[in-house]
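Reviewing the structure listed below.
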Amino acid sequence: MRTLLTAALMLALPAAALADEAPKKAVTPQLIIHGGAGVAPGDLSAEEERGARAALQEALLRGQAILKAGKSAQEAVVAAIVVLEDSPYFNAGRGAVFTHEGRNELDASLMLGNGQRAGAVAGVRRVKNPITLAQAVMEQSPHVMLTGQGAETFAKEKGLPLVEPDWFRTEKRWQQLQRRLAEEAGKQAARSDEAEYRRYVGTVGAVAIDAQGHLAAGTSTGGMTNKRWNRVGDSPVIGAGTWADSRCAVSGTGWGEFYIRSAAAHNICARVAHRGESAAQAGGKVINEEIVALGGDGGALVMTADGGYAFPFNTPGMYRGWVSVDGTPQVAIYASETLQGDVKTAAHKVAGGDAPAH
Ligand code: ASP
């Protein structure tokens, strides 16, 4: 009788509740990061490539130290992203791309799988590390998303470091804008929008799982070169550029409009939850099939609560890296390199297949 009653009760419970109550299997804490999709062989000078690889390595080590100390996935994600925001080699924080008007407008978001808490900011111009502002929005405000001037007032009230807008400026990004403006003025239509987008990438992101089995995801970006009208991409949009729940976490990088239109980050985790897909299956489907079918491109980090992870991407390269609590950091840039977890596409044979091996 008792068994029957238990069975009846179990049937009445939604599957999600049962899954959440199941004791979590111990997983090895680990961290995956990206520094943006779209980089292609030949884009970087030797110095830039060395600098980018060193920054990815440092971000992984910073996050690893946090996980080693038994701290949370949230802390590891934020620490790794701060390193990448401070590096001039990525389109986030220092080194962000310029808007049409010659400004840097920064977007970031953070989400925790445990309780699905989230914080996001868009269009900030003076906050040194936008990811820490997203964290403050999540922890210290009743809201999820703040924008522009109001977000900066909040940052000031919370004592976050503010810098002069010049702090974000790098000559390379400035010249990219000048070239783009000249092309526009000369109506040089030779470059497709897609090629254009690829030249100005480098959003950063991180996803981690901690010793408690909790997931976290964060993303930070300067958006797209020559963006106008206070354009906001997917990176600060919860469900588009960033998502975390109890089973899955994602940070995206790519042509943001398409990530918003396909609710990419949430879409991936919905496939994990409802179809039982792996990180590689769900990430490959959304990033390399759905987004491509819509006309977009890019990549993502995907991690599941069982410790599975994937780097789906369909561009000639994606700055990416992995480390576990006790592992050696692994870093890759181009599609011609292989990192465990890579989910590549047939397009790589054309776009990245001829790239030099590193
Ligand atoms: N997703 C970013 C945006 O559209 C850009 C990127 O990831 O490169 O703002």
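The values are calculated or read from the model by the stated rules, or taken from the named source; none is laboratory data. The shown structure was predicted, so the numbers you read here are calculated from the model rather than taken from an experiment. Using ideal geometry, Cβ is built from the backbone for each residue, glycine included, and neighbour counts are taken over all protein chains shown. Protein only, heavy atoms only, side chains kept; ligands, DNA and RNA dropped before computing areas. Shrake-Rupley method; radii C 1.70, N 1.55, O 1.52, S 1.80 Å.
Results for (1) farther than 22 Å from His143 by Cα; (2) more than 9 Å from the ligand (Cβ to nearest atom); (3) open to solvent by less than 20 Å² (accessible area, probe 1.4 Å); (4) modelled with pLDDT under 95, shown as yes or no for each residue.
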position	(1), (2), (3), (4)
Arg199	yes, yes, no, yes
Ala217	no, yes, yes, no
Asn230	no, yes, no, no
Ser235	no, no, yes, no
Gly239	no, yes, yes, no
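Grab the helices (runs of 4 or more DSSP H) fully contained in the stretch 211-285, keeping just those with 3 or more residues being touching a Cys at 6+ places or on another chain (Cβ under 9 Å), of a type outside the set (D, E, K, R) and without any contact (Cβ under 8 Å) to a residue 60 or more places away in the chain.
264-275
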Check: Does the stretch 244-260 contain any residue that is charged (D, E, K, R) and closer than 22 Å to Ile33 by Cβ?
Finding: yes
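Within the stretch 255-270, can you find the residues that are open to solvent by 10 Å² or more (accessible area, probe 1.4 Å), within 12 Å of the ligand (Cβ to nearest atom) and in contact with a helix residue (DSSP H, G or I) (Cβ under 7 Å, 6 or more places away or on another chain)?
Here is the first cut: in the stretch 255-270, the ones open to solvent by 10 Å² or more (accessible area, probe 1.4 Å) are 255, 257-258, 260-263, 266-267, 270.
Those left that are additionally within 12 Å of the ligand (Cβ to nearest atom): 255, 257-258, 260-261.
Trp255, Phe258, Arg261, listed by residue number.
This table checks each residue for (1) more than 20 Å from the chain's Cα centre (by Cα); (2) among the aliphatic types (A, V, I, L, M); (3) open to solvent by 40 Å² or more (accessible area, probe 1.4 Å).
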site	(1), (2), (3)
Met111	no, yes, no
Val127	no, yes, no
Pro165	yes, no, yes
Phe168	no, no, no
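Residue under question is Gly205, and the condition is that it be near the ligand (Cβ under 10 Å from one of its atoms), modelled with pLDDT of 95 or more and touching a helix residue (DSSP H, G or I) at 6+ places or on another chain (Cβ under 8 Å); does it hold? Spell out the reasoning first.
Values: near the ligand (Cβ under 10 Å from one of its atoms): yes; modelled with pLDDT of 95 or more: yes; touching a helix residue (DSSP H, G or I) at 6+ places or on another chain (Cβ under 8 Å): yes.
Answer is yes for this residue.
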